[in-house]
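Below you'll find the structure, written out as structure tokens, and then a few comments.
The values are calculated or read from the model by the stated rules, or taken from the named source; none is laboratory data. Please read these numbers as outputs of a predicted model, since none were measured by experiment. Note that we place each Cβ from the backbone using ideal geometry, even for glycine, and neighbour counts take in every protein chain shown.
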Amino acid sequence: MAMNKMKKINISASLKSNLITFGIVIAAYAVMQILVSLHLVSSLMRGLLVPICVYVILAVSLNLTVGILGELSLGHAGFMCVGAFTGAFFSKYILYAVPGMPGALRFFLALLIGALFAGLFGLLIGIPVLRLKGDYLAIVTLAFGEIIKNLINLLYLGIDENGVHISLNSALDLHMEDSDKIIVNGAMGITGTPNDSNFTIGVVLVLFALIIVLNLIHSRDGRAIMAIRDNTIAAESVGINVTKYKLMAFAISASLAGIAGVLYAHNLSTLTALPKNFGYNMSIQILVFVVLGGIGNIRGSIISAVVLTVLPELLRGFVSDSRMLIYAIILIAMMLFNWAPACIAWREKIRYRLNRKKNAKEAE
Amino acid sequence: MSFISYLINGISLGSVYALIALGYTMVYGIAKMLNFAHGDVIMIGAFTTYTVCSIAGLPPVLGVLVAVVFCTLLGMLIERVAYKPLRKAASPLAVLITAIGVSYFLQNIALLIFGANAKSFTSIVTLESVKLAGGQITVTGETIVTIVVCIIIMILLTLFINKTKAGQAMLAVSEDKGAAQLMGINVDATIALTFAIGSALASIAGVLLCSAYPQLTPYTGSMPGIKAFVAAVFGGIGSIPGAFIGGILLGVIEIFGKAYISSQMADAIVFAVLILVLLVKPTGLLGKNIQEKV
């Protein structure tokens, strides 16, 4: 009887926590929409709305790998890159092949394709990589991310009546009569992707990513994944298929990153694979969101992704030259405040004192 | 003949990677952390030399000396302020992210002081180029100096670690911190010393790198830093000879990849080789294989 009661409370606690997370996202969306309609948001901030959604999805999906699976991945931007390029390629192709297709359907299919390919890459890379551990796994994911970025910069791809043309050398090697039908043009990337994304779609995708990740965490599979994180050998000994669950978490994380990539690609007219957007710097930036928000804490990831994306832009108004310097200092200070044992002890002490005062007042 | 000249260039580039990788590997061996700011210490070292030699007009030897001293102090300061408070943190990722913060910090300090435009670094090497094999191969002075400096540093470092008390203390701390402390070793001082040596090596690497490739920007250090990190993992992170071998191999592979396959794909090739090595030997070339116990 007591057991039953306990279980009931537990389930409702996780549900409540999930609902709060969804509530925060929806409330933030509503507030932003009202502010935008009242023209209280600068055009700069309006331009940030979709990227914020992209970063939130990336942070939530990376948290699945880092927080729930417990493996450090430094190649998350690579999966985003795969999603962005496959999604944009599809949309661009449909623009030529089926001009009549409505934008919403086209974008939906692009999302599916981006997620599928990124997930496939996650699976392919995961099979060899997940044999490694810790820092070795981190460096190999970093290497894969860089390889993906590097190859996409060399890729020339076009489709015409004669079929698909692929080259890793130059646009001329494609031997296409109509150069307008070259879709991926090497380092110049994909230009003219239809601008199908907006803030509303972004938020819907954020909610979708949240539903997937939160449901996974509270499911049987999710518990198996967390068991692997806490003790691989113990998990294996109770019959959990370690490889299967590791791959599952990794592939889901990758395909969510792919969705973020598709969203990213359809917000820009020109998509190029630069070190800035798909290199290891980006992967590290996503990791910063995850660690600062709290490893394994999905709500924290959302908040830190939003704050850290908006912060440099807010600082631009006050100190335009040194804004990234201040960003760096804030990042270091927040990490020390959140994680240093000395700071944690100090915070405990303050909390204890406050509680004692409150208790003393109540006693009076 | 071009093969030999590519090989020499590869070894030269690899020597720079090896010097940087030594810093990564020593810090990892002792503090068990990936010091992402290490690449930016290289850049700071190069900028210090640039300031002393090109702006103030002082002799190159002084420039290198100032850079080494400055970076040594900088390395110790970074360790004290940003890493030491997190040494006993609940997650090892915390210090990794702080290191990333330090990396941004150093890049942006340099950006504020020197601007984003590339500075042309005047080579500190005055040695003439040498022609080998009847003039078919030209080896630049920078290449010779880089290789010689790297070999000297490797020998000195090996002697330091095996023959001095401080070096033995380092080995002890990397083996078991608690036991080392019980033996009367000052663990904090040993870790600080490791950061000091690593940063000094990074500043020398920075000067050598910029002498060979004279473009200097606030982001100069980040890609060599990542490559050296790859080299350290390649050779087996935590192992000093491993860092040396990994660095040299990585440099040679990169130059050969550029020369024979595709200059744009050189980075992809380097990373692909790393992945292959790690898949066959998951702890790197010279890494210790630790059996996991239940």
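Structure summary
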read-out: Count of the range B:4-38 residues which are more than 12 Å from chain A (Cβ to nearest Cβ), closer than 30 Å to B:A192 by Cβ and among the hydroxyl-bearing types (S, T, Y); value: 2
read-out: Residue under evaluation B:G238, criteria (1) modelled with pLDDT under 90; (2) in a helix (DSSP H, G or I), criterion not met; value: (2)
read-out: Only listed residue being among the β-branched types (V, I, T) and surrounded by fewer than 23 Cβ atoms within 10 Å (Cβ to Cβ), chosen from A:I233, A:I225; value: A:I233
read-out: Counted residues, the range A:130-156 - those being assigned to a loop (DSSP other than H, G, I, E, B) and either closer than 16 Å to B:V280 by Cα or facing chain B (nearest Cβ under 7 Å) (or both); value: 4
read-out: Residue ranges of helices (runs of 4 or more DSSP H) in the range A:258-321 with at least 3 members modelled with pLDDT of 85 or more, buried (at least 18 other Cβ atoms within 10 Å of the Cβ) and of a type in the set (S, T, N, Q); value: A:298-318
read-out: Selection from the range A:109-129 of residues that are surrounded by fewer than 21 Cβ atoms within 10 Å (Cβ to Cβ) and either more than 9 Å from every other protein chain (Cβ to nearest Cβ) or in contact (Cβ under 8 Å) with a residue 60 or more places away in the chain (or both); value: A:L109, A:L112, A:I113, A:L116, A:L120, A:L123, A:L124, A:I127
read-out: Selection count where residues are under 13 Å from the mean Cα position of the chain (by Cα) and polar (S, T, N, Q), scope the range B:5-63; value: 3
read-out: Residue satisfying all of: in the range A:316-328; within 24 Å of the chain's Cα centre (by Cα) and among the hydrophobic types (A, V, I, L, M, F, W, C); nearest to A:P51 (Cα to Cα) among these; value: A:M324
read-out: Long-range neighbours under 8 Å by Cβ, at least six apart or interchain, first residue over 18 Å from B:L208 (Cα atoms) within the range B:20-42, second among the hydrophobic types (A, V, I, L, M, F, W, C) and not in a helix (DSSP H, G or I); value: B:T25/B:I237; B:V27/B:M33; B:Y28/B:L34; B:Y28/B:I237; B:G29/B:I237
read-out: Filtered residues of the range B:35-60 (kept if surrounded by fewer than 24 Cβ atoms within 10 Å (Cβ to Cβ), of a type in the set (A, V, I, L, M) and in a loop (DSSP other than H, G, I, E, B)); value: B:A56, B:L58
read-out: Considering residues of the range A:328-350 that are more than 7 Å from every other protein chain (Cβ to nearest Cβ) and within 14 Å of B:V102 (Cβ to Cβ) only, the residue surrounded by the most Cβ atoms within 10 Å (Cβ to Cβ); value: A:M334
read-out: Condition met for B:A243 (within 15 Å of the chain's Cα centre (by Cα), more than 10 Å from chain A (Cβ to nearest Cβ), assigned to a helix (DSSP H, G or I) and under 28 Å from B:N108 (Cα atoms)); value: no
read-out: Flag if B:T72 is farther than 15 Å from B:S211 by Cα and in contact with a Lys or Arg (Cβ under 6 Å, 6 or more places away or on another chain); value: no
read-out: Looking only at the range B:256-265, and only at residues there that are part of a helix (DSSP H, G or I) and buried (at least 18 other Cβ atoms within 10 Å of the Cβ), the one that is farthest from the other protein chains (Cβ to nearest Cβ); value: B:K258
read-out: Yes/no for A:I252 being within 15 Å of A:H76 (Cα to Cα) and within 14 Å of chain B (Cβ to nearest Cβ); value: no
read-out: Qualifying residue in the range B:73-84 (condition: within 14 Å of chain A (Cβ to nearest Cβ), among the small types (G, A, S), surrounded by fewer than 24 Cβ atoms within 10 Å (Cβ to Cβ) and closer than 30 Å to A:W346 by Cβ); value: yes
read-out: Test: residue in the range B:195-203 that is within 13 Å of another protein chain (Cβ to nearest Cβ) and in a helix (DSSP H, G or I); value: no
